[in-house]
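The values are calculated or read from the model by the stated rules, or taken from the named source; none is laboratory data. These numbers were taken from a predicted model, which means no experiment stands behind them. Here the Cβ is made from the backbone with ideal geometry for all residues, glycine too, and neighbour counts use every protein chain on show. To get the accessible areas, we keep the full protein, side chains included, count just its heavy atoms, and leave off ligands, DNA and RNA. Shrake-Rupley method; radii C 1.70, N 1.55, O 1.52, S 1.80 Å.
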Amino acid sequence: MSTTAQPTHVNLTSSQAFPPHAPSDPHAPHVTAARVEIDAARETGDLTRLWESVGFDEINWTYTPTGRHLLNTFGELTQTGFHIRPHYALCSGSGFGLPHWGSGNVYHEDAEGTPSYDFTILDQAYDAIVEGGHHVLVEIGFTPKDLLPPEAEELTVTSSPTVYSAYEAGQWAYPPRDYDRWRDLVAAVAAHCLERYGAQEVDTWLWELWNEPDIFYWRGTPQQFHELYAATVEGVRSVLPQAKVGGPAVTGGGTEFLHGFLAYTDEHDLPLDFVSFHTKGSNFTPWRVYGPTGGDAPEQQSPSAHKMLHEVRSMLQVMAQFPAYRTLPAIIDECDAGVPAHFSFYDNANFRFQNTEYFPVFQVKLMKKLLDLSEAEGANVQQATSWSFYFEGERFFEGTRAFLTADRIEKPLLNAYRLLAHLGPRRLAATSDAAHGVELLDAAQGRSMPEEVDVLASRHEDGRIAAAVWRHTDDQYRTADAPTPVSLTVRGLEAGAYRLTHHRIDAEHSNSHTVWQRLGAPQVPSPEQLAQIHAREGLEELAEPVEVRAGAEGTLELTVELPLPAVSLLVLEPVR
């Protein structure tokens, strides 16, 4: 392993390069026409299924009936399983679920200081994940109460009915007082999981130390974190010699921390099987507006795909400075248009996008751009995790970053993942003359991604061609009076007949939120109203399937009309 990085390294945080959100521009130009071309005879490689990864803060909702229901839903959208990453696995507590908090409650010491382990709660969470057909991304954190160092007493809180204690308020973020006991705790978790789930399953897991140690999630020094990583790897590998270990899961502005971490692991020849980091597309200001319920935002703000791509590229460029790490799997295990997940439309009206068709189209667009960016940087981005699950106690369409709302109604976001699940394992060459490519990132100068029409195309092993085609702009407040006509040409086909199916996500299709709004946005919907909403929550066909023909030259011409925003899934199946 090389021990020398290049003499200079990236020093671009999100705050230096991009504003925390994108302003609305009512005068931005529309895309009025577009031409998309797909070459069915030209595969460009495996289509990395970045989207098969989900995480969330509330580990104690993993195993609720609704949590299990959602995990089972994800299980229907994958052949190999998602990686699931919950926070707070090693925190002490009762296991009572709260937004942005949780506890696995594993580690305990008796009056003589003798450690013991209780896996009652952690088993319920990991059982639900594995039984849903998925795999655990074990986020190894945070410090149990019985391992707090003396300096944790410095963190005090004012007694309040809304705060349990200083531990929940942040003492868990201090480094453990005894790294040997921490190592033994990690080894005990690994050994228990190996015994409970078996080597074949646990071999698919990822073992990651901590979360966002470059901000308030870590109240120690970088050096302490580096040493904790060494102890953690020793604990995991003592039980699972082939375990995939990594980190450090920094924020989008954490390039300096990432560089220091990689320099340490490189210099000390520590095992590192993947590098993890995060990105967020917006940080609305103010985050929370204390005003009339459901009031307008003080300023119209939106997510920025450019901001996210810039942050990811900065991290990939840090990795590239270490020859041993340049092509390691990069795990973007929080990859979200907004933050925090539990803030809603009622906190700030700009979070409205998390209810609407804007969000699933943004997500499809983002996955394609990340694939392009990974290729352009010569990197190996493997996962782009949606930090989204569900929230207990929500009103209908609260507007949080979640796949479900009240009554287990599926929000439009979930249909992005249904659509992506239809794509085949091999990517096809495809272009759009109205796309905004990742090569334009340096010219963005802090601006959000403008309106575009773009495409992501694939082939299935049975010969089906599946392509997503979308129209989107980062500005959630922009709509258009007319759809954009898209001329779609598919070349390289075998001559003959094909069955064309066309699914759509837009304001009128695959959209339970639109139905709810048209019913008057009821917070006490009748059984009949609930039935109407549930009936429109899945991925819907735009039209009945039709038979089309590719001529002797193997070319097929189609026209698709896309409102703003919208994404179409087009599947061509040979008629045998």
Quiz prompt | Rg/Rh (Cα only; Kirkwood hydrodynamic radius) as it applies to region 180-231 | solution = 1.06
Exercise. Starting from region 403-462, pick out the GluC sites (Glu not before Pro) whose DSSP state is loop and whose Cβ has at most 13 other Cβ atoms within 10 Å.
Key: 461
Practice problem: Figure the gain on full extension for residue 178 and residue 94 (residue separation times 0.36 nm, minus the Cα-Cα span) and round it to one decimal in nm. | Solution: 27.9 nm
Quiz item: If one puts a single equal scatterer on every Cα of region 309-431 and applies the Debye formula without solvent, what log₁₀ I(q)/I(0) results at q = 0.11, 0.13, 0.16 Å⁻¹?
Solution: -0.45, -0.61, -0.84
Quiz prompt | Gap separating the Cα centres of region 376-403 and region 36-83, nearest whole Å | solution = 11 Å
Quiz item: Can you give the extra length, in nm with one decimal, that the chain gains between residue 78 and residue 559 once fully stretched, where that is 0.36 nm per residue apart less the Cα-Cα distance?
Solution: 170.2 nm
Quiz prompt | Loop-located chymotrypsin sites (Phe, Trp or Tyr not before Pro) in region 338-413 whose Cβ has at most 14 other Cβ within 10 Å (DSSP) | solution = none
Quiz item: Can you list the equivalent-ellipsoid semi-axes of region 232-376, largest first and in whole Å, using the square root of 5 times each Cα gyration tensor eigenvalue?
Solution: 35, 17, 14
Quiz item: Just from its helices, what would the mean residue ellipticity at 222 nm be for the chain, if runs of 4 or more DSSP H residues each count -39500 (n - 2.57) and the sum is divided by every residue, rounded to the nearest 500 deg cm²/dmol?
Solution: -7500 deg cm²/dmol
Exercise. State the percentage of accessible surface on the chain attributable to carbon and sulfur atoms; use a 1.4 Å probe and exclude ligands, DNA and RNA.
Key: 49 percent
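Test of understanding: express the Cα radius of gyration of region 520-566 as a ratio to 2.2 N^0.38 Å, with N the residue count.
On the way: Rg = 18.8 Å, N = 47, 2.2 N^0.38 = 9.5 Å.
Cα-based Rg divided by the globular estimate yields 1.97.
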Quiz item: Per the Debye formula with a single identical scatterer at each Cα and no solvent contribution, what log10 I(q)/I(0) holds for region 389-458 at q = 0.12 Å⁻¹?
Solution: -0.57
Quiz item: FRET efficiency for residue 460 and residue 529, Cβ-Cβ distance as r, R0 = 41 Å, nearest 0.05?
Solution: 0.60
Practice problem: Please report, to two decimal places, log10 I(q)/I(0) for region 301-370 at q = 0.14 Å⁻¹ as given by the Debye formula with identical point scatterers on the Cα atoms and no solvent. | Solution: -0.53
Quiz item: Only one of the listed values, (i) 30.7, 102; (ii) 24.0, 83; (iii) 32.0, 98, was derived from the coordinates as Rg and Dmax of the Cα atoms in Å; which label is it?
Solution: (ii)
Quiz item: Using the Kirkwood formula over every pair of different C-alpha atoms, what hydrodynamic radius in Å results for region 455-539?
Solution: 16.4 Å
Practice problem: Kindly provide the Kirkwood hydrodynamic radius of region 132-186 in Å, to one decimal, from all pairs of distinct alpha carbon atoms. | Solution: 12.9 Å
Practice problem: Take the Cα of residue 433, step 7 Å along the line toward its Cβ, and report every residue of region 534-576 whose backbone nitrogen sits under 18 Å from that point. | Solution: 556-562
Practice problem: Taking only protein heavy atoms into account and a 1.4 Å probe, give the accessible area per residue of the chain in Å². | Solution: 38 Å²
Quiz item: Can you work out ³J(HN,Hα) from phi for every residue in region 230-241, in order, using Karplus 6.51 cos²θ - 1.76 cosθ + 1.60 and θ = phi - 60°, giving whole Hz and x for Gly and Pro?
Solution: 4, 5, 5, 4, 4, x, 5, 6, 5, 9, 10, x
Exercise. Can you grab the distance from the C-alpha centre of region 234-272 to the C-alpha centre of region 477-556, Å, no decimals?
Key: 44 Å
Self-check item: R0 of 35 Å, Cβ-Cβ distance residue 35-residue 445: FRET efficiency to nearest 0.05
Solution: 0.80
Quiz item: Under a 5 Å amide H to amide H cut-off, with H placed in plane at 1.01 Å, what residues pair with residue 540 once short-range neighbours are removed?
Solution: 504, 510
Quiz prompt | Kirkwood hydrodynamic radius (C-alpha pairs) into Stokes-Einstein, region 160-246, 4 °C and 1.567 mPa s, D in µm²/s | solution = 91 µm²/s
